[in-house]
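Contents: one structure, followed by commentary.
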Amino acid sequence: MRVTPCQAALAGAIGLNLLLLFCAWRGPGGSPPSCRPPRAVPGVTVLLRDFEDFENDLAGTARSFASLPVPVLVAAETAPYPPVPFPAGVTLLPLRPSADRPPPLAHPELHVRTRHVALVPDGTRAAPGLLERMRDALEGGKGDVRLVVAPVGPVPLRCLDLRLEPREWTVQYGTGIPGTCRAVEGPAVLLLRTRDLFALPFPLTRPVPTALFIQAAFRGWELRVIPVAFPVARRSPVSPHGYWKSQNLAETRRRRLMRELGIKREVLADGRERWYGCSKETARCFGTIHARTPQYLLAGRWTPPCCLKALRETARHVTGVLEAAGIRYWLEGGSLLGAARLGDIIPWDYDVDLGIYRDDVGKCRWLAAAAAAGGGEAVEDPEGFVWEKAAEGDFYRVHYSRSNRLHVDLWPFYPRGGVMTKDTWLGHPQDVEFPESFLLPRVPLPFAGFMAMAPNDPRRFLELKFGPGAIENPEYPNPAVKRLGQD
């Protein structure tokens, strides 16, 4: 009997449907591996991630938890060196991809079959029944509890509040109230559902506790601390060289984590700040701006705080130089708008604008040198700020540094028939002529942490440039591309 192609296709489809019906009939508990591999079986997998290759207690920690018994996985970029004698039943999962390594080994989530996973720090010792107690606290917790934490060792954990300000690229810690912690300080075991851990974009990025606390805060997850502690191993003091290495690695990992999470500024509970953004030695945090709309606005964020800090420093430096040289200057455009509205730079602005009298340019050696260079070569002052004539027209720029091109624009105006005008117009709606009477006299106005000179009637000046209600109705630079209300 001759089988036609249509008959063969029909027979194949029938066979596939029968196979799917068989798998569904067997159900999750009885399905053979070829149909539906067992997933999320009851229990807790212990995952060891936070440790150093040198001077670790991996073998002791793994042996202690493997004796419970529970599955124990050791996740590392590469196998620890010097080699660690792991006990039987402990699985090493190299995380770094390799051309000769089967893909599953680079995906630890494929090796965690239990419903819950506990991230255990190096040097912890198992306590019978404590992982189960943490699991019960997670499943019996009220609200959206997704993370349970238990201390390691005799020192109680310090409860911290954690507040995220994504638009401002900032995470801020404060003293937390027991029972409402958003993060903890001190060695701890962290337990959560396996599906929650591996649904995170950075599930095993180190330092693991910090990474999980911040990602949990992004999602509004609640955290519960149980008071019972895991024992800690007695270990020899870390050598001075080992301490130095661990501190350097911890700083490197923290910087990498903050870059991945989009955090530029971290405010600690004691008020100290850590910065992870641009500096004088690096490029600025954003690229070329199109249609007066920086890329970060399209991503729903405001100016990175390190950039605002650098702009404040540059504005203070430039105005100080101008005042010392006797140059008449004033806050212009969006910078005056920020001063009138906030006493500071607008949170989403990317430069500072100052107007100057064109006739005064020669009074400042740096402006005179930039003018003489004619846009060819920039001039660096003793503080590392770079002065140049802009290539786009008859105005000047002062950059934060040669590497970091955050800048203050200086616009040379001159009076003509009682009206202040200039030779370069960039087509911005607020880029218009205005009566010189606004500058006779100029007045001081708080701006970016210092007093800057401004037109004598800021409101009327701004409404001339931006329209009525400019101070009370904030808006992004180009609402046709991105509006403030769209955040």
For A217: the one exception among (1) touching a strand residue (DSSP E or B) at 6+ places or on another chain (Cβ under 6 Å); (2) closer than 30 Å to T314 by Cα: (2)
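Can you find even one residue in region 205-217 that is outside the structural domain of R135 (by the TED database), surrounded by 15 or more Cβ atoms within 10 Å (Cβ to Cβ) and among the charged types (D, E, K, R)?
Scanning region 205-217 turns up no residue that is outside the structural domain of R135 (by the TED database), surrounded by 15 or more Cβ atoms within 10 Å (Cβ to Cβ) and among the charged types (D, E, K, R).
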Subset tally (residues that are open to solvent by less than 70 Å² (accessible area, probe 1.4 Å) and at pLDDT below 90) for region 90-111: 11
Matching option when the condition is within 18 Å of A452 (Cα to Cα), touching a residue at least 40 places away in the same chain (Cβ under 8 Å), assigned by the TED database to the domain that holds P435 and in a loop (DSSP other than H, G, I, E, B), among I356, I346: I346
Enumeration of residues in region 391-424 that are open to solvent by less than 20 Å² (accessible area, probe 1.4 Å) and free of Cβ contacts under 8 Å to residues at least 24 places away in the same chain: T421
Number of the exception - A291 against (1) over 16 Å from the mean Cα position of the chain (by Cα); (2) modelled with pLDDT of 95 or more; (3) within 26 Å of I471 (Cβ to Cβ): (2)
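Considering region 57-88 alone, what residues qualify as being among the polar types (S, T, N, Q) and surrounded by fewer than 19 Cβ atoms within 10 Å (Cβ to Cβ)?
S67, T78
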Search result, residues across region 419-450 that are charged (D, E, K, R) and in contact with a Ser or Thr (Cβ under 8 Å, 6 or more places away or on another chain): E433
Residue in region 244-262 that is within 26 Å of F202 (Cα to Cα), in contact with a Phe, Trp or Tyr (Cβ under 6 Å, 6 or more places away or on another chain), at pLDDT 95 or above and crowded, with 17+ Cβ neighbours inside 10 Å present: yes
Residue match in region 174-192 (condition: in contact with a His (Cβ under 9 Å, 6 or more places away or on another chain) and modelled with pLDDT of 95 or more): yes
Cβ pairs under 7 Å, 6+ apart, first in region 175-191 and touching a residue at least 12 places away in the same chain (Cβ under 8 Å), second part of a loop (DSSP other than H, G, I, E, B) and of a type in the set (V, I, T): G186/V155
Flag for T288 being open to solvent by less than 10 Å² (accessible area, probe 1.4 Å) and of a type in the set (V, I, T): no
Matching residues, region 75-87, being within 15 Å of V46 (Cβ to Cβ) and either outside the structural domain of F54 (by the TED database) or among the small types (G, A, S) (or both): A75, A76
Residues located in region 162-185, provided they are under 22 Å from A229 (Cβ atoms) and either open to solvent by 40 Å² or more (accessible area, probe 1.4 Å) or assigned to a helix (DSSP H, G or I) (or both): T175, I177, P178, G179, T180, R182, E185
Residues (polar (S, T, N, Q) and under 16 Å from A66 (Cβ atoms)) located in region 85-144: T91, T114, T124
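Inside region 307-317, can you point out the residues that are open to solvent by 10 Å² or more (accessible area, probe 1.4 Å) and either touching a residue at least 60 places away in the same chain (Cβ under 8 Å) or assigned to a loop (DSSP other than H, G, I, E, B) (or both)?
Answer for region 307-317, where residues must be open to solvent by 10 Å² or more (accessible area, probe 1.4 Å) and either touching a residue at least 60 places away in the same chain (Cβ under 8 Å) or assigned to a loop (DSSP other than H, G, I, E, B) (or both): R312, E313, R316, H317.
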Residue ranges of strands (runs of 3 or more DSSP E) in region 370-429 with at least 3 members more than 32 Å from the chain's Cα centre (by Cα): 407-416, 419-421
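The values are calculated or read from the model by the stated rules, or taken from the named source; none is laboratory data. What you are looking at is a predicted structure, and each value in this text was computed from that prediction instead of being measured. Positions of Cβ are generated from backbone atoms using ideal geometry, with glycine treated the same way; all protein chains shown enter the neighbour counts. SASA here: full protein model, heavy atoms, side chains in, ligands and nucleic acids out. Shrake-Rupley method; radii C 1.70, N 1.55, O 1.52, S 1.80 Å.
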